[in-house]
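First comes the structure, then the notes that go with it.
The values are calculated or read from the model by the stated rules, or taken from the named source; none is laboratory data. Since the model is a prediction, treat every value here as computed from it, not as a measurement. Please note: Cβ atoms are built from the backbone with ideal geometry, for glycine as well, and neighbour counts cover all protein chains shown.
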Amino acid sequence: MLPGSCLHTIFRERAREAPERIALSAPNEKVSYGQLDARSDRLASQLVALGVGPDVLVGLCARRSPEAIVGMLGILKAGGAYVPIDPAYPAERIDYLLTDSAAPIVVAGADTAGVIRGRHPAVVWLDGDEVVVDPDAATHERGQPAAAPGPDNLAYVIYTSGSTGRPKGVTVEHRNAVRLFEQTDPWFQFDHHDTWALFHSLSFDFSVWEIWGPLLYGGRLVLLPETTSRSPALLTSLLREEQVTVLNQTPSAFHQLLTVLFAPHTGADSTSGLALRLVIFGGERLEPKMLAPWIDRHGDRRPALVNMYGITETTVHCTYRPITAADLDSNEPSPIGIPIPDLRVYLLDGNGDPVPDGEPGKCTSPAAAWPAATSTGRSSPRNGSCPP
């Protein structure tokens, strides 16, 4: 890793170190680091010509495809910040994201033309190696060449779910995304031997972890078709075929996977051939007892099972807690563990004040379905936490 660097500059170093190494695996397509670097350079050149520079927001409407990753890297190389727009979103949500972000340019995959065409006047299309600029986008005048982006410039904007009101865009700088991997590196020790699966939508911040994890370390990213991510049986086959070593899941998604792996008709060897070394949970409350079938058969060492708690505003993850066999016998709810080393966790009461040692914290929102934590005089909760 390169302390203080931007996401795309670290990627470029990985591409220079091993240009022939495979960066992306998609159905019927593999893209090397050198190819991905070259494709994103071509896009970046076009975006710079259209006036994109540091902190300029650029919409990115693409499915989980090589074009999506080319789009991200190209936007960052141009100095901009990507705003992921899931093409599966309802039309009203897509219109809202385009309007609220006021992104002057949208990068889109050719296969999302039916979703984005007519919704934005300036679109740059990606189709394999090709970069096609709409005439309306080409009319944008280029200003003075912008300075190269730095760690303090924006990398992306991800919108919240909007479950408590209108969705809000959360702005994240390069330095915050880079430090997430630097601070957690001693725990996970990712490297170029790892193969990750992109399971989640680009509009869900878990995807930040899934995408940049392999690309910052020289690993391989497997792009899951939507049909695979929705089918535990297909996912199981893909994990085995692609020899995925790092799998990121919400607890509910992993529970569905377990129902396939340990269904009576699958037999004792249903998990044979898997190469997993890490299963990382996030996005939802985790009940350890759910993992009993897996731990009974595989133990808790390989793959290691890790619960991560976090929110978009703090860059994906805040805390870290390995789940062990001992947790299956505990009645304590959803352990979230210790904070990432450069963060602190505070336990507060309903008024937002720190609670005394030994007292539980309290969620300020009655709708928040997270367990209360108990203060232990440390900067981190032991048993759970309410959302900030």
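Computed values, structure above
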| quantity | calculated |
| --- | --- |
| Candidate set: the range 2-44, residues that are touching a residue at least 12 places away in the same chain (Cβ under 8 Å) and assigned to a strand (DSSP E or B); chosen: the one nearest to residue 243 (Cα to Cα) | 25 |
| The range 297-334, subset farther than 27 Å from residue 178 by Cα, of a type in the set (D, E, K, R) and surrounded by 15 or more Cβ atoms within 10 Å (Cβ to Cβ), residue nearest to the chain's Cα centre (by Cα) | 300 |
| Residue check, residue 297 out of contact with any helix residue (DSSP H, G or I) (no Cβ under 8 Å at 6 or more places or on another chain) and of a type in the set (Lys, Arg) | yes |
| Set 150, 143, 114: member being part of a loop (DSSP other than H, G, I, E, B) and modelled with pLDDT under 90 | 143 |
| Looking only at the range 25-74, and only at residues there that are of a type in the set (D, E, K, R) and touching a strand residue (DSSP E or B) at 6+ places or on another chain (Cβ under 7 Å), the one that is farthest from residue 159 (Cα to Cα) | 30 |
| Of all residues in the range 277-324 being in a helix (DSSP H, G or I) and among the basic types (Lys, Arg), the one that is modelled with the highest pLDDT | 289 |
| Sole residue being modelled with pLDDT under 90 and hydrophobic (A, V, I, L, M, F, W, C), chosen from 108, 103, 138, 88 | 138 |
| Residues that are basic (Lys, Arg) and closer than 19 Å to residue 260 by Cα, drawn from the range 284-300 | 289, 297 |
| Tabulated pairs, the range 334-348, first in a loop (DSSP other than H, G, I, E, B), second of a type in the set (D, E, K, R) and modelled with pLDDT of 95 or more, C-beta under 8 angstrom, 6+ apart or interchain | 335/321; 336/321; 337/321; 342/179 |
| Unique match (being of a type outside the set (Val, Ile, Thr), out of contact with any strand residue (DSSP E or B) (no Cβ under 9 Å at 6 or more places or on another chain) and crowded, with 21+ Cβ neighbours inside 10 Å) among 234, 221, 216 | 216 |
| Residues located in the range 33-79, provided they are within 16 Å of residue 207 (Cβ to Cβ) and among the hydrophobic types (A, V, I, L, M, F, W, C) | 60, 61, 62, 68, 69, 70, 72, 73, 75, 76 |
| Within the range 39-57, considering residues that are surrounded by 18 or more Cβ atoms within 10 Å (Cβ to Cβ) and within 23 Å of the chain's Cα centre (by Cα), the one farthest from residue 71 (Cα to Cα) | 56 |
| Matching helices (runs of 4 or more DSSP H) fully within the range 196-276 where at least 2 residues are closer than 18 Å to residue 27 by Cβ and touching a Leu at 6+ places or on another chain (Cβ under 9 Å) | 206-217, 226-229, 232-242 |
| Residue satisfying condition, being under 26 Å from residue 175 (Cβ atoms) and without any contact (Cβ under 8 Å) to a residue 40 or more places away in the chain, within set 75, 85 | 75 |
| Criterion violated by residue 78 - all others in (1) buried (at least 24 other Cβ atoms within 10 Å of the Cβ); (2) among the hydrophobic types (A, V, I, L, M, F, W, C); (3) within 20 Å of the chain's Cα centre (by Cα) satisfied | (3) |
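Conditions tested, residue by residue: (1) among the acidic types (Asp, Glu); (2) over 30 Å from residue 10 (Cβ atoms).
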position	(1), (2)
220	no, no
226	yes, no
230	no, yes
239	no, no
252	no, yes
259	no, yes
282	no, no
